[in-house]
Amino acid sequence: MGPALRLPLCGLILSLPLLAAAHWCEAPRNLEPVAVDDFRAGLARWRLEAEDERTVVTAAGGVLDIATPAGLSLWWREPLAGDYAIRFTAVALPAPASAGPHAGRISDLNVFWNALEADGSEPYPRSGKFAGYDTLPTYYVGFGANANTTTRLRLYDGRQRRLLAGFADAASAEPGEQPMTRDTRLRLAQPLSIEIISRQPTAADPVHLRWRADSNEVFTRADANPRLQGYFALRTTASRLQIRDFQVFQCR
């Protein structure tokens, strides 16, 4: 028996206004919406990998609702490339009773992006267990992970998970990490606006990765050999999350 998926009837896709170009998308190019999911037309544009069959994922009334007792990845089916931004709003709620000892916690608003297998192909299906992604080259952010005690940026190179930057409470901290702050924690039932930017670095601006929460720039990177294309996934474990207004923009 697979994870429970409740698919609502198709609804209308609401049009979105064009947004002003961000500072990383310089004229004469413009930031244009290229994809949107308002969560009124089911989960056909997503691929679910869930570790526990008691996982429940629904998309209705403009809300993607995820309630899971264990690991879960929800992959956007369309590959992303070029200079792009992903935006969505997330609300963290208490983990469901099925999470056992983790019930009631808020935790793990996580994402993979620019993920491709080592041969350049689409990520193959996995069980949803976190360790199963260790061989997948990708970027990863775990925001409010480990029961809201860590927020970390990692690079998976297909062999190991490298910590690039992070925040952690003292008991969980790895060398070089900064203390957790209000801006790096989930807040119960409070909407959080997430923006992930991936762009070709330039001599004038070598930053290719920006990760923002409520306009706070949590992570930036200017790597010599950045990952600039691939697939995106929402990732969580033993949690309840609600996602709204998923949008992808391209700088063209």
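Throughout, read-outs are computed from the coordinates displayed, never taken from laboratory work. What you are looking at is a predicted structure, and each value in this text was computed from that prediction instead of being measured. With ideal geometry, Cβ positions are generated from the backbone for all residues, glycine too; neighbour counts draw on all protein chains shown.
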Fluctuation leader among His23, His102, His208 - the chain, Gaussian network, Cα springs under 10 angstrom: His23
Cα-based shape type of the chain, given that a ≥ b ≥ c are square roots of the gyration tensor eigenvalues and the cut on a/c is 1.5: rounded
For the chain, built as a Gaussian network whose Cα springs stay under 10 Å, the top-fluctuating residue of Asp52, Asp183, Asp205: Asp205
Residue (of Ala99, Leu116, Ala168) at the positive-pole extreme of the chain, dipole from beta-carbon charges: Ala99
The range 132-215, dipole about Cα centre (Lys/Arg Cβ +1, Asp/Glu Cβ -1), debye to the nearest 20: 100
Residue with peak Gaussian network fluctuation, the chain [Cα springs, cutoff 10 Å], from Ala35, Ala171, Ala213: Ala171
Shape category assigned to the range 29-139 from the gyration tensor of Cα positions, a/c cut at 1.5: oblate
Cα shape, the range 131-252, gyration tensor, a/c 1.5 rule: rounded
Cα centroid of the range 25-54 to Cα centroid of the range 132-190, whole Å: 23
Ranking of Val57, Val207 by count of other Cβ atoms within 10 Å, fewest first: Val207, Val57
Taking Ser198, Ser239 and counting other C-beta atoms within 10 Å, the order from fewest to most: Ser198, Ser239
Nearest-20 debye value, the chain charge dipole, Cβ charges on Lys, Arg, Asp, Glu: 280
